[in-house]
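The values are calculated or read from the model by the stated rules, or taken from the named source; none is laboratory data. Note that the structure is predicted; figures quoted are calculated from it, not measured. Counting neighbours? That spans all protein chains shown, and the Cβs are built from the backbone with ideal geometry, glycine included. Surface accessibility is based on the protein's heavy atoms, side chains included, excluding ligands, DNA and RNA. Shrake-Rupley method; radii C 1.70, N 1.55, O 1.52, S 1.80 Å.
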Amino acid sequence: MIIATGGWLAFGNVDNFPGLVAAARIPTTDSSSGAFSFCGPDRHVNCVVDGDTFWFQGEKIRISDIDTPELSPPRCEAERIKGEAAKARLLALLNAGNFSLAAGWRDEDKYGRKLRTVTRSGQSLGITLVEEGLARRWDGARHGWCG
């Protein structure tokens, strides 16, 4: 059984196990850090775009395990309010200490953003946002925040 599974994965079926691949790539130490601020029209260095996207060391990172309310543009006032709260919380989490970035089964999305799970001490910062009611677990589709 183990040999069959290994062969199956080796011949291109690894995409069917994204959690397994992501777990295998999680760094063992938190070695990334930066002084983050909010992004602006001319600011794209170590800054937060919204609750699930930030720039770090010249790369635009999309947190791969969550979805947060949209800010550009929000579809309603409730989405804007929750989106701003998620953005502020992500800023605080990134500035709270060293973290790790782990690639999953896809390196980047259709917009060219690097897809990464962000962890500190083995815990997902994205899931922290979910637990605080500021994000949802990413299930492959966007869902409304307005009702």
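Within the stretch 133-145, identify whether any single residue is within 15 Å of the chain's Cα centre (by Cα), farther than 27 Å from THR29 by Cα, open to solvent by 70 Å² or more (accessible area, probe 1.4 Å) and not acidic (Asp, Glu), and answer yes or no. Yes, the stretch 133-145 has at least one match. Would you check which residues across the stretch 116-131 are farther than 18 Å from THR29 by Cα and either modelled with pLDDT under 95 or surrounded by fewer than 20 Cβ atoms within 10 Å (Cβ to Cβ) (or both) and list them? The answer is ILE127, THR128, VAL130, GLU131. On inspection, ASP107 does not qualify as surrounded by 19 or more Cβ atoms within 10 Å (Cβ to Cβ) and among the acidic types (Asp, Glu). Taking every residue in the stretch 52-81 that is farther than 26 Å from ARG106 by Cβ and pairing it with any residue that is at pLDDT 95 or above and open to solvent by 50 Å² or more (accessible area, probe 1.4 Å), at least 6 positions away or on another chain, the pairs with Cβ-Cβ distances below 8 Å are PRO74/ARG80.
Could you say whether any residue in the stretch 105-115 is farther than 21 Å from PHE38 by Cα, in a loop (DSSP other than H, G, I, E, B) and over 14 Å from the mean Cα position of the chain (by Cα)? Outline the logic, then answer.
The first filter runs over the stretch 105-115 and keeps only residues farther than 21 Å from PHE38 by Cα, leaving 105-110.
From what is left, the residues that are in a loop (DSSP other than H, G, I, E, B) are 109-110.
In the following step, the residues that additionally are over 14 Å from the mean Cα position of the chain (by Cα) were identified as 110.
Looking for residues that are farther than 21 Å from PHE38 by Cα, in a loop (DSSP other than H, G, I, E, B) and over 14 Å from the mean Cα position of the chain (by Cα), one finds at least one in the stretch 105-115, hence yes.
Taking the criterion of being touching a residue at least 24 places away in the same chain (Cβ under 8 Å) and surrounded by fewer than 19 Cβ atoms within 10 Å (Cβ to Cβ), the residues of the stretch 32-49 that qualify are SER32, SER33, GLY34, ALA35, SER37, PHE38. In this structure, does ALA92 turn out to be touching a helix residue (DSSP H, G or I) at 6+ places or on another chain (Cβ under 9 Å), at pLDDT 95 or above and open to solvent by less than 70 Å² (accessible area, probe 1.4 Å)? Criteria not met by ALA92. Please go through the stretch 34-91 and pick out each residue that is among the hydroxyl-bearing types (Ser, Thr, Tyr), more than 17 Å from THR117 (Cα to Cα) and in a strand (DSSP E or B). If the condition is that a residue be among the hydroxyl-bearing types (Ser, Thr, Tyr), more than 17 Å from THR117 (Cα to Cα) and in a strand (DSSP E or B), then SER37 is the only one that fits. Here is the figure for the stretch 57-84: residues that are over 15 Å from ILE127 (Cα atoms), open to solvent by 10 Å² or more (accessible area, probe 1.4 Å) and either of a type in the set (A, V, I, L, M, F, W, C) or out of contact with any Lys or Arg (no Cβ under 6 Å at 6 or more places or on another chain) (or both) total 14.
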